[in-house]
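Everything below concerns the one structure shown next.
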Amino acid sequence: MSEESEQLTEEQRIARLERHVSTNRTTLAVLVLIGVVMLSVGLTVAVVKFLEPETPLIDHSEFVKLQKQVEALTDSADAYQQNLVDAKRVMDSSNATAFKRILLEQERSYQTHLRALKDGMRDLARMVPGSRTWLEIYNEQMDEALLQSRDRQKYLQSLQTDRLPQAQPLDLD
């Protein structure tokens, strides 16, 4: 190597030194840039760690307690849902439809019977001499009984026996 350096002229040596200096400057600039980036990353991580709360947002024992409550409520809701399914199955499999049909037939029978009584009284009133005011009172009472029977029939027809009926108030007049 000393032979090579002896053979180089002064200008060649200066040019070589300038190239090395330029390469060293570029390398040094890259190293400084990497250092600055690493320093900023380090500072950012330190600031984030410093600002991070030291305590957890919820205590572990409280979280376990809440988790047990959620499980208990879920089990309760599942049991309630199963009870609803069972109640619907009982209602659907009951003889509510047959019972409704029997009640409707009974109301029709009551209406036929009441009309026959009304017609019979009218015929009887024609046979008996005297005032007919009692027949008018009797007819009003029979008409009221027929109206009540028709109302019951309409109510029975409105009932849905394949699902739970909605609560409807009853008149107690």
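Descriptive notes on the structure:
- Matching entry among Glu71, Glu18, Glu6 (being at pLDDT below 90 and more than 30 Å from Ser158 (Cα to Cα)): Glu6
- Whichever residue in region 118-139 is among the basic types (Lys, Arg) and in a helix (DSSP H, G or I) and, among such residues, is least open to solvent (accessible area, probe 1.4 Å): Lys118
One line per residue, one yes/no per condition, for (1) at pLDDT 90 or above; (2) of a type in the set (Lys, Arg); (3) open to solvent by 70 Å² or more (accessible area, probe 1.4 Å):
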{"residue": "Glu62", "(1), (2), (3)": "no, no, yes"}
{"residue": "Gln67", "(1), (2), (3)": "yes, no, yes"}
{"residue": "Ala79", "(1), (2), (3)": "no, no, no"}
{"residue": "Gln82", "(1), (2), (3)": "no, no, yes"}
{"residue": "Val85", "(1), (2), (3)": "no, no, no"}
{"residue": "Phe99", "(1), (2), (3)": "no, no, yes"}
{"residue": "Ala116", "(1), (2), (3)": "yes, no, no"}
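The values are calculated or read from the model by the stated rules, or taken from the named source; none is laboratory data. Remember, predicted model here, so these are calculated numbers, not experimental data. The accessibility values were calculated without ligands, DNA or RNA, using every heavy atom of the protein model including side chains. Shrake-Rupley method; radii C 1.70, N 1.55, O 1.52, S 1.80 Å.
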